[in-house]
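Okay, so here's the structure we're looking at.
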Amino acid sequence: MMSTTTTTESAWGLAAYILLLPAAIAAITCLLLRALRASHLQGKNKSPPPGGIGSWCRGFVGAETLSFLADNSSGRGFYHFVHTRALRYGACFRTTLFARTHVFLLSSTARAAASGLLAADPPHFAKRYVRTVADLLGEHSLLCTSHDTHRRMRRAVAGLFASASTAAFVETFDRLLTARLLLSTTGCKDRVVVLNVALDVTFRAICEMLIGAQEDARKLERLQSDVMDVTQAMLAVPIRLPGTRFYRGLQARKRIMDALRQEISMRRQNGLKLDRRDDFLQTLLLKSHLDSPEEALTDEQILDNILTLIIAGQVTTATAITWMVKYLGDNTDLQEKLRSVQLDLASRHHDSTLTLQHLNTMDYAYKTVKESLRMATIVSWFPRVALKDCQVAGFHIKKDWIVNVDARSIHYDPNIYENPTLFDPSRFNDDMKPYSFLVFGAGSRTCLGMNLAKIMMLIFLHRLVTNFRWEMADHDTSLEKWAMFPRLKNGCPIHLTPIHKDMH
Ligand code: HEM
C-alpha cells in the first residue's frame with residue numbers, strides 16, 4: 001500500500017515537474033525580459049547597437065570605410081551601404097566610417113528618436129559636419145556652428161527670408177527660368193539635360209537674391225565654376241596638394257572670398273546708406289553698422305554665410321528639380337493630369353509673370369513637389385554627435401559617436417507611405433504623421449531655404465508642364481559617383497515637344 005502511494009506520489013511529482021518546469025522557465029524568462037525592457041526604458045542598458053567591429057577583427061578597421069567608398073563610387077550610390085546593414089542588423093546599427101563610430105537609426109526607430117535629436121536643440125548632441133565642409137565653407141558657416149553661436153548666426157540670417165524678399169524671389173526665378181528655357185529650346189534643340197538647366201537657373205536666382213544682379217557675365221560664370229569646385233571638394237579626401245579635388249576646392253573658396261571682399265569694399269566706398277540695393281549682402285552690411293555688437297555679424301561671418309547659402313541652396317534644389325522631372329517623365333499619365341490643371345490656372349492668370357499668390361493656388365502641383373521630395377530624399381540622413389555618454393533608442397551611445405537619423409528609410413516605410421516606391425502625389429491629400437516627412441530636417445536646424453526651394457520647384461514645374469510635353473531620352477538610372485546628394489549620372493536628358501496652347 002505504502003509503496004503504491006509512493007509510486008503514485010512520485011508519478012504525480014514527475015507529472016507536476018514536467019508540467020510546471022516549462023511554466024517556471026517561461027515565467028522567469030518573462031520576468032527577465034521585463035526587467036531588461038524596464039532597464040532599457042529607464043536608460044540603464046549598457047549594450048551598444050548591433051554591428052560595428054569586434055576585437056576579433058580589429059585588423060579590418062577600415063573595411064567598413066572601404067565598403068562605404070565602394071558603394072559611393074558605384075552606380076548604386078552610398079545609400080546601398082546603409083540599406084544592406086539595415087537588412088543584416090535591423091533598424092538601429094553601428095558601424096565605423098573614417099575612424100569614427102556611426103550609429104544609424106531607421107524607420108520607426110528614427111521617427112521615435114527624431115523629436116529628441118532634431119526637434120529641440122538637445123544639449124547632449126551637436127550637429128556634426130565633416131572637417132572638409134568647415135574648411136571649405138568657413139568656420140562661421142551656419143552649417144558648421146552649434147548651440148549659442150548657431151542660434152545667433154541663424155537669427156541674423158533667418159531675418160533675410162522675410163515675405164518681401166520671398167515675393168521678389170518668385171519674380172526673379174520666373175524671369176530667369178523663362179529666358180533659360182527659351183535659350184535651351186531654340187534652334188531645334190529638342191533634347192535638354194535637366195540638371196544643367198536647373199543648376200544654372202538656381203545658381204543665378206540665388207546669387208541675385210544674395211548679392212544682386214551681376215552685370216559682368218564673365219564674373220558670374222567664374223563664380224559659378226568656383227562654387228562648383230567647392231561643392232565637389234566637400235566629399236573629397238582632404239589632401240592639400242596641388243592637383244587634388246580638395247586643393248582645387250580650397251583655391252576656389254579663396255577666389256570667391258576675394259571677389260566678395262572686393263564687392264563689400266566697393267559698396268562701403270560708395271556709401272552703404274546711399275546705395276538702394278536690397279539684396280542679402282546689403283542688408284547684412286547695413287545691420288553690421290547699426291546693430292549692437294552682439295547682434296551684428298562681422299565681415300568674415302557674412303562672407304562664410306553668403307557662400308553657405310549658395311552651396312546649401314543650389315545643388316540641393318537643382319537635384320530635386322531633376323528627380324521631379326524624371327518621375328513625371330516616367331509617369332506620363334500624371335504629367336498629363338498636372339498639365340491640364342496647370343494650363344487651366346495659366347489661362348486664368350493670363351500666363352503673366354508668376355507671383356506668390358499664383359503659387360498658392362497650385363495645390364496639385366504642390367503635392368507633386370512634395371511627392372518628388374519624398375521619393376528623392378535629397379539629404380538622406382542627419383548626423384548629430386553625442387557630447388557625452390547617453391541612451392538612444394534603448395541603446396548605449398558613447399561620447400563622440402555620431403548618431404544619424406535616417407530620413408530615407410522613413411520616406412520609404414510602407415507603414416507610413418503605402419506602396420512607397422509608387423510616385424503618387426495624391427497621397428498628400430491626407431494629414432501627415434509627426435516626423436514622417438523629413439525632407440527639410442526638423443527643429444532648430446530645419447532648412448532655412450525650404451520656402452525658396454519649394455518656390456523654385458513649383459515655378460519650374462509650372463513653366464515646363466505648360467509649355468512642353470516630355471519623355472526620358474535615356475533610361476539609365478545609375479547614380480553619379482561621389483555626389484553629395486543621390487542624383488542621376490546622366491543628368492536626366494529629356495526630349496521636349498512644345499505645346500501649342502490654343503490647340504490643347
Ligand atoms: C530641395 C532643396 C533643399 C533641400 C532638400 C534642403 C534640405 C535641407 C536639410 C535636410 C537641412 C537640415 C540638415 C540637418 O538638420 O542636418 C537643411 C539645412 C539648411 N538649408 Fe536647405 N535644403 C534645400 C534648399 C535650400 C535652399 C534653397 C537654401 C538657401 C538658399 C537652403 C539653406 C539651408 C541652410 C542655411 C541650412 C542650415 C540651417 C541651420 O543649420 O540652421 N537650403 N537643408
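For the stretch 63-77, the tally of residues that are in contact (Cβ under 8 Å) with a residue 24 or more places away in the chain and either surrounded by fewer than 17 Cβ atoms within 10 Å (Cβ to Cβ) or over 22 Å from Asp400 (Cβ atoms) (or both) stands at 7.
Candidates in the stretch 162-182 are the residues that are without any contact (Cβ under 8 Å) to a residue 60 or more places away in the chain and under 19 Å from Asp351 (Cβ atoms); of these, the one that is farthest from the chain's Cα centre (by Cα) is Leu182.
With respect to the conditions (1) within 11 Å of the ligand (Cβ to nearest atom); (2) more than 19 Å from the chain's Cα centre (by Cα), Leu452 falls short on a single one, namely (2). Scanning the stretch 261-308 for residues that are in contact with a Cys (Cβ under 9 Å, 6 or more places away or on another chain) and farther than 16 Å from Phe161 by Cα turns up just one, Asp304. A single member of Thr377, Thr368, Thr355, Thr317 is within 18 Å of Leu177 (Cα to Cα), polar (S, T, N, Q) and within 16 Å of the ligand (Cβ to nearest atom), and it is Thr317. With the structure loaded, tell me whether Arg85 is touching a Gly at 6+ places or on another chain (Cβ under 9 Å) and basic (Lys, Arg) or whether it fails that test. The answer is yes for Arg85. Pairs linking a residue in the stretch 294-315 that is closer than 13 Å to Leu136 by Cβ and assigned to a helix (DSSP H, G or I) to a residue that is aromatic (Phe, Trp, Tyr) and more than 9 Å from the ligand (Cβ to nearest atom), with Cβ atoms under 8 Å and 6 or more positions apart or on different chains, are Ile310/Phe203. Just one of the numbered conditions (1) modelled with pLDDT of 95 or more; (2) surrounded by fewer than 19 Cβ atoms within 10 Å (Cβ to Cβ) is not true of Asp291: (1). Test Ala393 against the criterion of being closer than 23 Å to Arg175 by Cβ and away from the ligand (no atom under 14 Å from the Cβ), and give yes or no. No. Residues that are more than 14 Å from Leu343 (Cα to Cα), of a type in the set (S, T, N, Q) and in contact (Cβ under 8 Å) with a residue 24 or more places away in the chain within the stretch 438-473 comprise Ser444, Asn451, listed in sequence order. List the pairs whose first member sits in the stretch 123-135 and is over 16 Å from Val237 (Cβ atoms), whose second member is charged (D, E, K, R), and whose Cβ atoms are under 8 Å apart, counting only residues at least 6 apart or on separate chains? Short answer, once both residue conditions are applied: His124/Lys388; Phe125/Arg384; Ala126/Arg384; Lys127/Arg384; Lys127/Arg445; Arg128/Arg384.
The values are calculated or read from the model by the stated rules, or taken from the named source; none is laboratory data. Every value quoted in this text rests on a predicted model; they were computed, and no experiment measured them. Positions of Cβ are generated from backbone atoms using ideal geometry, with glycine treated the same way; all protein chains shown enter the neighbour counts.
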